[in-house]
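Please read the structure below before turning to the comments.
The values are calculated or read from the model by the stated rules, or taken from the named source; none is laboratory data. Here the structure is a predicted model, which means the values were calculated and not measured. Note: ideal-geometry Cβ built from the backbone for every residue, glycine included; neighbour counts use all protein chains shown. Areas reflect the complete protein model, heavy atoms only, side chains present, ligands, DNA and RNA absent. Shrake-Rupley method; radii C 1.70, N 1.55, O 1.52, S 1.80 Å.
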Number of protein chains: 2
Amino acid sequence: MAVKLIDKHAVDFIDKTLYSEVAADAAKAYKTVYDRSGAGSDFLGWLDLPEKYDRDEYVRVKAAAEKIKQSCDVFIVIGIGGSYLGARAAVEFVKSPLYNNLKKGTPDIYFAGKDINSAYMNELLMLCKDRDVCINVISKSGTTTEPSIAFRVFRELLEKKYGEKGACGRIFVTTDKSRGKLKALADEKGYETFTVPDDIGGRYSVLTSVGLLPIAVAGIDVDAMMRGAADAMACYGKGAEDNDCVKYATLRNCMYRGGRGIEILVTYDPALAMFNEWWKQLYGESEGKDNKGLYPSSVVFSSDLHSMGQYIQQGTRNIFETVMNIKADDSPVVIPDDPQNVDGMNFVSKKTLHYINENAFNATLLAHVDGQVPNVILELRDRSAYTFGWLVYFFELACAISGYTLGVNPFDQPGVESYKKNMYALLGKPGYEEERKALLERLG
Amino acid sequence: MAVKLIDKHAVDFIDKTLYSEVAADAAKAYKTVYDRSGAGSDFLGWLDLPEKYDRDEYVRVKAAAEKIKQSCDVFIVIGIGGSYLGARAAVEFVKSPLYNNLKKGTPDIYFAGKDINSAYMNELLMLCKDRDVCINVISKSGTTTEPSIAFRVFRELLEKKYGEKGACGRIFVTTDKSRGKLKALADEKGYETFTVPDDIGGRYSVLTSVGLLPIAVAGIDVDAMMRGAADAMACYGKGAEDNDCVKYATLRNCMYRGGRGIEILVTYDPALAMFNEWWKQLYGESEGKDNKGLYPSSVVFSSDLHSMGQYIQQGTRNIFETVMNIKADDSPVVIPDDPQNVDGMNFVSKKTLHYINENAFNATLLAHVDGQVPNVILELRDRSAYTFGWLVYFFELACAISGYTLGVNPFDQPGVESYKKNMYALLGKPGYEEERKALLERLG
């Protein structure tokens, strides 16, 4: 097992009757997922994806990644939400947050269309100057504002740089398999296309072509990643009993019902900061509805022990932590001895940084538990592609179970439309004239 | 005014009697700050710092920054918490999160000693290979574990690379003005030293030498930054009436007393993501004690509208937002027209990205207010060094007022010691033998 849940620093905080009740609900929810009988069950494609993915498309994705590696210095990935977070989380998890500064033999990777910021866009354009560029635009509908605008800018850049025909070989489109204007454009222009499956929502899509292409371009072993997910699928598919996904869903729903409204996902490795962000979308968007849901938050220790640490130790007692602890030390660094012992730290001379970090983890665990903060531990074997695939599957399945346990549809996101509708109205999209007038009046 | 507070989308959510009560408390707290009569008043040095800073040291900091710029390719800043977040926030706010990829004529800047991660440390060492390096170690006591370990590693690197004498000209120490082993070492070796003032805690220290040296190395106009802070000091020092700091403290304490336990700091510019982190330390560490305090969280829109947006729109109603909206568009990008109108977005052809972002801000504001989430707005003039200085002062003063309004000491952080003590014990620091035994037993 690449991921292992340890609950002994959490269960003592939970009333035993409550735990039994919630555990029964979670076991029922597990059955609901596999029966495909719950709300949103049209979006369960991720459940057997690690075995049932389209092998032909998978081979095409890997070939496209090789082509991209060979033909550009800068690879711009255009997408927002689930079309952005998964790939970026994978690159930083398996490679590094400093990937662009460290990598050799693969292109720089930058993410666009994840916001509407002119300074950032200008910086990306500067980084493309005098360098060869490929782009991957990822959008199911092809009409989401943020990626649409970015695609306009970068398509223009490529067509000016390489001509329409040259640009064609450098534009890769991940979209609906048959419908939509982006698919139609791609067919007309001859862009290579990949599929956003109909039965997998954005936040569950990292192991589809949506995530696979950028992840493969970064030089990550996607075969190992899919194998990790497949092994997780086999492991957690055996039943609700003694199942870490069910346990995690049970624990967090106990915390929620017990009045702890905030879950803090903790890592001791800055390379997992973007994974934390991916997790926040998965859980926040799946559960934050019907005026319900744990508030998902995250920290990177030991850094944030010197910022959020004070609050966690002694602030309002409405929190619990889920801590990812990585066991392997893939790049040992030994602490030099200092004959003068300036910092008084000679008791750790010749020890590895990993040893200190492991002790920081244990020290903090006990300090926070003493401060009345329950700690759920997730032991991760390492930062390999295999473990990433496993961990993604663990959190996806646990999220579906947790959502059903909470009593919501974990696969929709009706609230995301509200700002979009207002934005269309304010920007003067045809058909929104009435709404526009009303909104402008409110803004005064 | 470089920063302006707008409360009209927040006050309607607050009971009028409650508002009056809290406003009276906040006005009293304002007086407590200026009277220097409250808890922790020994740490009010930041209050008149923008006028009363040490001019000689300031000139030395600027000279050292010039020397560093000329003598290295990579500048490693070693510090944790307040010795890390402020400088990084400034570099990203005024320059860019992509500073290391974009800058010309100034060194790469990397931050070390902010965690205990071996992979990250190895990456930093790789980035220093075959390049000239200077370091700035920032630690009041010189004995904090994380920066101490990093300083050992980088001091060794410099001494191997340049010899002890050569290294001496490349090591800059920011520490206590007279006490401590780090100060003693610096004096013995002849390292240039700068002061962490006695009366300013880490999280309030960005405008002291702690932040100034790295900020100046990044090529940021520190004179303008200090002028912004000085103007803010003059503006908010005139009294509690019609004072945005008092208003902000009042609003957030009303939210807290009214049962909203989570404050989300929002930006629409990815360059402010690290500023959000700086803010989280300032407020989390100042208020999170005595089982009290708003939980500080943050998002970057519009990106996170596609992750946390669903929760904010429809999840548990225990949140409010404080939204920083930047008015200036310093690098306009115009959206290309698309004759085929593939994305159906031709209604924004030829508009600027900034115009779309401004409308995303207004659209989201109204959507979230309709979703029963109060919104406090902070209008920022631009992303200049001047505005950064002003904004830092605004948040610092407001934090002190808010902490007193809440009834806590906003200047201590007793909870941070708990994990440190456990860590010393687990690592076998002499004098912690008893604690070590007890902790090991608990870990089993």
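What accessible area per residue, rounded to a whole number of Å², is obtained for region A:154-277 using a probe radius of 1.4 Å? Before the final figure, lay out each step's value.
On the way: 4040 Å² over 124 residues.
Accessible area per residue: 33 Å².
Need the list of aspartates and glutamates near A:K327 for cross-linking: C-alpha distance under 12 angstrom, and skip anything on the same chain fewer than eight residues off.
A:D269, A:E358, A:E379, A:D382
Nm distances between the label at A:D412 and the same-position labels in the remaining copies, 7 Å along Cα→Cβ, shortest first?
Taking the point 7 Å beyond Cα along Cα→Cβ, the inter-copy spacings are 5.1 nm.
Can you work out the FRET efficiency for the pair A:S349 and B:D223, with r the C-beta to C-beta distance and R0 = 41 Å, to the nearest 0.05? Write down the numbers at each step before the final one.
Details: r = 43 Å, r/R0 = 1.06.
Efficiency at R0 = 41 Å is approximately 0.40.
Per-residue counts of other Cβ atoms within 10 Å, averaged by peptide: what ranking do you get for A:353-363, B:308-318, highest first?
On the way: A:353-363: 21.7, B:308-318: 24.1.
Put in order of decreasing packing, that is B:308-318, A:353-363.
How large is the accessible surface of B:W278 in square angstrom, using a 1.4 angstrom probe and rounding to the nearest 10?
Taking all protein chains as shown, B:W278 has close to 10 Å².
With springs connecting C-alpha atoms under 10 Å apart, model chain B as a Gaussian network and identify which of B:V246, B:V342, B:V210 has the largest mean-square fluctuation.
Comparing B:V246, B:V342, B:V210 in the GNM, the peak value goes to B:V342.
When the accessible area of region A:144-267 is split by element with a 1.4 Å probe, what percent falls to carbon and sulfur? Show your work: numbers first, answer last.
Values: 1900 of 3990 Å².
Carbon plus sulfur share of accessible area: 48 percent.
Expressed as a fraction of 2.2 N^0.38 Å, the rule-of-thumb size for a compact globular protein of N residues, what is the C-alpha radius of gyration of region B:280-414? Intermediate values should be presented prior to the final figure.
Values: Rg = 18.7 Å, N = 135, 2.2 N^0.38 = 14.2 Å.
Compactness ratio reported: 1.32.
Under 20 Å from a label point 7 Å along Cα→Cβ of B:S37: give me every residue in region B:376-398 with its amide N that close.
Counting only backbone N, you get B:398.
At 0.36 nm per residue, and after removing the present C-alpha to C-alpha distance, how many nm does the segment from A:A24 to A:Y162 gain when stretched out fully?
Values: separation 138, 0.36 × 138 = 49.68 nm, distance 6.04 nm.
Length gained between A:A24 and A:Y162: 43.6 nm.
According to a simple spin-label model (label point 7 Å from Cα along Cα-to-Cβ), what is the distance in nm between A:D329 and B:L102?
Label at B:L102, label at A:D329, 3.9 nm between them.
Angle between the Cα long axis of helix A:416-426 and the longest principal axis of chain A, 0 to 90 degrees, nearest 10?
So the inclination is approximately 40 degrees.
Enumerate the amide H contacts of B:I326 below 5 Å, restricted to partners 5 or more residues apart or on another chain; note that Pro and chain-start residues carry no placed amide H.
B:Y268, B:L380
Which whole-Hz ³J(HN,Hα) couplings does region A:29-40 yield from phi under the Karplus relation 6.51 cos²θ - 1.76 cosθ + 1.60, θ = phi - 60°, glycine and proline marked x?
4, 4, 5, 4, 4, 6, 6, 6, 10, x, 4, x
For the peptides B:257-267, A:284-294, what is the packing order when you average, over each peptide's residues, the other Cβ atoms within 10 Å and list the highest mean first?
On the way: B:257-267: 20.8, A:284-294: 23.4.
Sorting B:257-267, A:284-294 by mean packing, highest first, produces A:284-294, B:257-267.
In deg cm²/dmol, rounded to 500, what helix-only [θ] at 222 nm does the protein assembly as shown give when every DSSP H run of at least 4 residues adds -39500 (n - 2.57) and the total is split over its residues? Walk me through the intermediate numbers first.
Working: 34 runs with 432 residues, N = 888.
One gets -15500 deg cm²/dmol as the mean residue ellipticity at 222 nm.
Please calculate the 1.4 Å probe accessible area of A:L380, with all protein chains present, and give it to the nearest 10 Å².
0 Å²
Check each residue of region A:360-387 and keep those whose accessible area, probe 1.4 Å, is at least 50 Å² smaller with all protein chains in place than in the chain alone; give them in order of residue number.
Residues passing the criterion (a loss of at least 50 Å², heavy atoms only) are A:A363, A:L366.
Helix B:385-406 versus the longest principal axis of chain B: what angle, 0 to 90°, nearest 10, using Cα atoms?
80 degrees
Contour minus end-to-end for B:D370 and B:R179, with contour as 0.36 nm per residue of separation and end-to-end as the Cα-Cα distance?
Numbers: separation 191, 0.36 × 191 = 68.76 nm, distance 5.56 nm.
Between B:D370 and B:R179, full extension yields an extra 63.2 nm.
How well do other chains shield peptide A:142-153, expressed as the mean number of their Cβ atoms within 10 Å of each residue Cβ? It would help to have the intermediate numbers written out before the result.
Working: counts 3, 4, 3, 7, 7, 1, 7, 9, 2, 5, 10, 5.
Going residue by residue through A:142-153 and averaging, the value is 5.
Accessible area per residue for region A:1-97 in Å², computed with a 1.4 Å probe and the full protein assembly in place, what is it?
On the way: 4400 Å² over 97 residues.
I get 45 Å² per residue for this part.
Is there a simple number for the mean count of other chain Cβ atoms within 10 Å of the Cβ of residues in B:277-284, and what is it?
Details: counts 6, 1, 1, 6, 8, 1, 3, 9.
Rounded to a whole number, the mean comes out at 4.
Along Cα-to-Cβ, 7 Å out, sits the label point; list in nm, shortest first, how far the one on A:M1 is from those in the other copies.
5.7
With a ≥ b ≥ c the root eigenvalues of the C-alpha gyration tensor of region B:260-327, is it rounded (a/c under 1.5), prolate (a/b larger than b/c) or oblate? Please list the in-between numbers first.
Numbers: a/c = 2.49, a/b = 1.25, b/c = 2.00.
In terms of gyration-tensor shape, oblate.
Show me, for region B:321-332, the HN-Hα J-couplings you get by feeding each phi into the Karplus relation (A = 6.51, B = -1.76, C = 1.60, θ = phi - 60°), rounded to Hz, glycine and proline as x.
Per residue, the Karplus-derived 3J(HN,Hα) values read 10, 10, 10, 8, 10, 8, 7, 6, 10, 7, 9, x Hz.
Using the alpha-carbon atoms, what tilt in degrees (0 to 90, nearest 10) does helix A:118-128 show relative to the longest principal axis of chain A?
Between the helix axis and the principal axis of chain A, the angle is about 80 degrees.
Pop out a list of residues from region B:403-426 that are at least 30 Å² less accessible with all the protein chains around than in their chain alone; 1.4 Å probe, no ligands or nucleic acids counted.
Listed in order, they are B:G415, B:V416, B:S418, B:Y419, B:N422, B:M423, B:L426.
Can you figure out the FRET efficiency of A:D412 with A:R131, using R₀ = 51 Å and their beta-carbon distance, to the nearest 0.05?
Using R0 = 51 Å, I get an efficiency of 0.80.
Going by average Cβ neighbours within 10 Å, how do the peptides A:433-442, B:368-377 rank, with the highest at the top? The partial results should precede the final answer.
Numbers: A:433-442: 12.5, B:368-377: 19.7.
Answer by packing, highest mean first, reads B:368-377, A:433-442.
Using a 1.4 Å probe and counting only protein heavy atoms, how much accessible surface gets buried when A and B come together, both sides summed, in Å² to the nearest 100? Before the final figure, lay out each step's value.
Numbers: alone 20360 and 20360 Å², together 29800 Å².
By this definition, chains A and B bury close to 10900 Å².
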